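Bear in mind that the values in this text are calculations on the coordinates, not laboratory data. Because the structure is predicted, anything quoted here is derived from the model rather than measured. Here the Cβ is made from the backbone with ideal geometry for all residues, glycine too, and neighbour counts use every protein chain on show.
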Amino acid sequence: MIAIEGISKRYDEVQALRDVSIDVPEGELFGLIGPDGAGKTTLFRLLVTLLLPDTGRMTFDGRDVVTDYRYVRRHVGYMPGSFSLYQDLSVRENLEFFASVFQTTVEANYDLIKDIYVMLEPFAERRAGALSGGMKQKLALSCALIHKPKVLVLDEPTTGVDAVSRREFWAMLRKLKDEGITILVSTPYMDEAAQCDRVGLIQDGQLLRTGDPATIAQAFDRPLYAATGEDAYRLLQALRQREDVEEVHPFGTALHVTARSDMDPDNVQRQLREQGFTGAHLAPIRPGIEDLFMRLMR
Amino acid sequence: MSDAAIHARGLTKRFGDFTAVDHIDLDVRPGEIFGFLGANGAGKTTAIKMFIGLLKPTEGEASVAGFDVYRKSASIRRHIGYMSQRFSLYNDLTVLENIRFYGGVYGLRRKELEQRGDEMIAHLGLEQHKDTRLSELPLGWKQKLAFSVALIHDPRIVFLDEPTGGVDPITRRQFWEMIYAAADRGITVFVTTHYMDEAEYCHRVSIMVDGVMAACATPEELKRQFSAASMDEVFYQLARAGQRTE
């Protein structure tokens, strides 16, 4: 449905994207994962015809995005990172406005937005500017869907949103995917990768890797251990000083230790205990997506 | 007067008939890293505003660094540092200008300021960028600088409101190592975050739901109490019961 080939984009001194290629088949939920400044927003703006690439080519449903921009605009639903609906219009008026721009009606595609809109209905006459953050997000998604787009492009819909609302939002996206809509979504939260069919990891304008979230982390090419013990901060410093340890990063309750080839975990554990970390414990673990991301960032 | 770095009893804020913060009790110990969690709209920001002296409580008592929030807000502001994702430093100023500006605001003398500025720039590895305008630096660097600047006047307590939102995973961890180092020097850290792995790094965590303090304990105790494998699960169990949004 979407083919991005060798796209680069530069703003003055900043190379926002370098030679990015991504294919998203019809009906896929694709997650673009990376921190602020990685190039996620630029890539999405290029795809929805708001920017022109310096080099490379993009197709949307088989049509060239640059020359056939009218087709793209008719069939894409775009939810930008910042709230961009009409604050002075009511919930209902915003929806009707977006429907009329696409020469349709709210009623015609009501089925698609029904599950989301019922949560908004009590506020139908409220000005959009006076809605809560979560409600604004639901309205923006409804407006992006009202013309029954083939592809939904969502730029960081869950940034700054609490963990409960994030879960609800992903549940909505999976429902839309079941309706057959192709979805591209960006996020800075690595733990959201598991919600996607496929993910792309992006950093400094470069696509580091794409793959299935369940298996992508297998590309992590070193033995990885979880170290636990009292006083995690000192334990971290002690581990960093070791010759047989390549890297140590805090990971929730544990420290993730990337081992050099000559590291013997039993030996490390014994020596740590001798150093006074009496409860120190090392166990091999499977790397996760964030482990891989940090490895690829180096 | 209390020995706690942050102390609250029955602290409440009402806006008309809406109770944003509803009788919260809190004692944050000096040198503690305290995670202040809650869903959007749970009342966290209102509570923080009362602690840093920007908003008068409706009722209840609270003190920060030993100063009463009703009568001593000016003293509180001298003894705390504050940074958030939304407001930290001036994008139009260079790294060095930001440091000088904030040092000046906090009344540091010129000599002290120069020395402190040099140390800070060296410590952050920003020597090559000290004359770079902030708008040209990556977000993660800005946030690390903002944290250092928030500590420029040796505050006893630093309030961090979502300091790591959108920051890359390596810088996010470097940021937490700076937090650990500050706590190690005896500075109390009061931090909010939406990253639940970061909740695990805190000595203690509180979770607000609809203006009420629904839980407050170490991450281990909370996980045991809620039979949860992670703080993410604890948070989900508590916060989904909330009715309010922002």
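Roughly speaking, what is the centre-to-centre gap between region B:20-95 and region A:28-87 when only Cα atoms are used, to the nearest Å?
40
Projecting each Cα onto the charge dipole of chain A (Lys/Arg +1, Asp/Glu -1 at the beta carbon, about the Cα centre), which of A:A219, A:M172, A:H256 comes out farthest on the positive side?
Comparing the listed Cα positions along the dipole, A:M172 ranks first.
Determine one quarter of the surface area of the Cα convex hull of region B:168-246, which equals its mean projected area, and express it in nm² to one decimal.
Working: hull surface 24.1 nm².
That works out to 6.0 nm².
Given the DSSP H assignment, sum -39500 (n - 2.57) over each helix run of at least 4 residues in chain A and divide by its residue total; what's the result at 222 nm in deg cm²/dmol, nearest 500?
Working: 9 runs with 94 residues, N = 298.
My calculation for chain A gives -9500 deg cm²/dmol from helical runs alone.
Taking neighbour counts of Cβ atoms within 10 Å as a proxy for exposure, in what order, fewest first, do B:K130, B:K13, A:K138 appear? Before the final figure, lay out the partial values.
Values: B:K130 17, B:K13 22, A:K138 25.
Ranked by crowding around the Cβ, least crowded first: B:K130, B:K13, A:K138.
Over region A:220-297, one equal point on each Cα, no solvent: what is log10 I(q)/I(0) by the Debye formula at q = 0.14, 0.19, 0.20, 0.21 Å⁻¹?
-0.39, -0.72, -0.80, -0.89
With a cut-off of 8 Å between alpha carbons and a minimum separation of six or more residues, what is the relative contact order of region A:220-297 in percent? Each step should come with its number before you reach the end.
Values: 110 pairs, mean separation 30.9, N = 78.
The value is 40 percent.
Please grab the % of Cα pairs in chain B that end up more than 31 Å from each other.
On the way: 7228 of 30135 pairs.
In whole percent, the long-distance tail amounts to 24.
Can you find, among B:L134, B:G81, B:G66, the residue farthest towards the positive end of the dipole of region B:63-172? Put +1 on the C-beta of Lys and Arg, -1 on that of Asp and Glu.
Projecting each Cα onto the dipole axis, the largest value belongs to B:G66.
Can you tell which of A:T187, A:T41, A:T159 shows the greatest fluctuation in a Gaussian network model of chain A with Cα springs below 10 Å?
Comparing A:T187, A:T41, A:T159 in a Gaussian network model of chain A, the most mobile one is A:T159.
From zero outward in steps of 20 Å, how is the percent of C-alpha pairs of the protein assembly as shown spread across the bins?
19, 52, 27, 1
What is region A:2-214's relative contact order, in percent, from Cα pairs under 8 angstrom and six or more apart in sequence?
Details: 400 pairs, mean separation 67.5, N = 213.
After rounding, I find 32 percent.
Once you have all Cα-Cα distances for region A:91-138, histogram them in 10 Å bins from zero and send the whole-percent values.
26, 57, 17
Output the antiparallel fraction of DSSP beta bridges having both residues in region A:2-214, as a percent to the nearest 5. Write down the numbers at each step before the final one.
Details: 20 of 37 bridges.
So the antiparallel bridges in region A:2-214 amount to around 55 percent.
Looking at chain B, do any whole DSSP H helices span at least 15 angstrom along their long axis by alpha carbon and average 0.5 or above on Kyte-Doolittle, and which?
On the way: long enough: B:95-105 (16 Å, 0.54); B:110-123 (19 Å, -1.57); B:139-150 (16 Å, 0.40); B:169-184 (22 Å, -0.31).
Helices passing the filter in chain B: B:95-105.
Just checking the output field for B:162-174: average partner chain Cβ neighbours within 10 Å of each residue's Cβ? Mind showing how you got there, number by number?
Working: counts 1, 0, 2, 6, 11, 4, 12, 13, 9, 2, 7, 8, 1.
Per residue, the number of nearby Cβ atoms from other chains is 6 on average.
If one takes the longest principal axis of the Cα atoms in chain A, at what angle in degrees, from 0 to 90 and to the nearest 10, does the Cα axis of helix A:133-145 lie?
Roughly 60 degrees between the two axes.
For chain A, state the average projected area of the convex hull of the C-alpha atoms over all orientations, rounded to one decimal in nm². If you can, show how the numbers build up before the last one.
Values: hull surface 72.1 nm².
Computed as one quarter of the Cα hull surface, the answer is 18.0 nm².
Is there a simple number for the mean count of other chain Cβ atoms within 10 Å of the Cβ of residues in B:24-33, and what is it?
Values: counts 0, 0, 0, 0, 0, 0, 0, 0, 0, 1.
So the per-residue partner count for this stretch is 0.
Under a point-charge model restricted to the Cβ atoms of Lys and Arg (+1) and Asp and Glu (-1), what is the dipole moment magnitude of region A:220-297 relative to its Cα centre, in debye to the nearest 20?
Details: 9 positive and 13 negative charges, 20 e Å.
It works out to roughly 100 debye.
Suppose every K and R has +1 on its Cβ and every D and E has -1 on its Cβ; what is the size of the dipole of region B:56-98 about the Cα centre, in Debye to the nearest 20? Please report the intermediate quantities before stating the final value.
On the way: 6 positive and 5 negative charges, 25 e Å.
The dipole of region B:56-98 has a size of about 120 debye.
Mind checking which lysines have their C-alpha under 17 Å from B:K49, skipping anything on the same chain fewer than 8 residues away?
In chain and number order, the partners are B:K13, B:K72.
Given +1 on the Cβ of Lys and Arg, -1 on the Cβ of Asp and Glu, and no further charges, what dipole in debye does region A:197-249 carry about its Cα centre, rounded to the nearest 20?
Values: 6 positive and 10 negative charges, 12 e Å.
Dipole size: approximately 60 debye.
Would you mind computing Rg(Cα) / (2.2 N^0.38 Å) for region B:29-153, counting N as its residues? List each step's numbers first, then the result.
On the way: Rg = 16.4 Å, N = 125, 2.2 N^0.38 = 13.8 Å.
In units of the globular-protein estimate, region B:29-153 measures up at 1.19.
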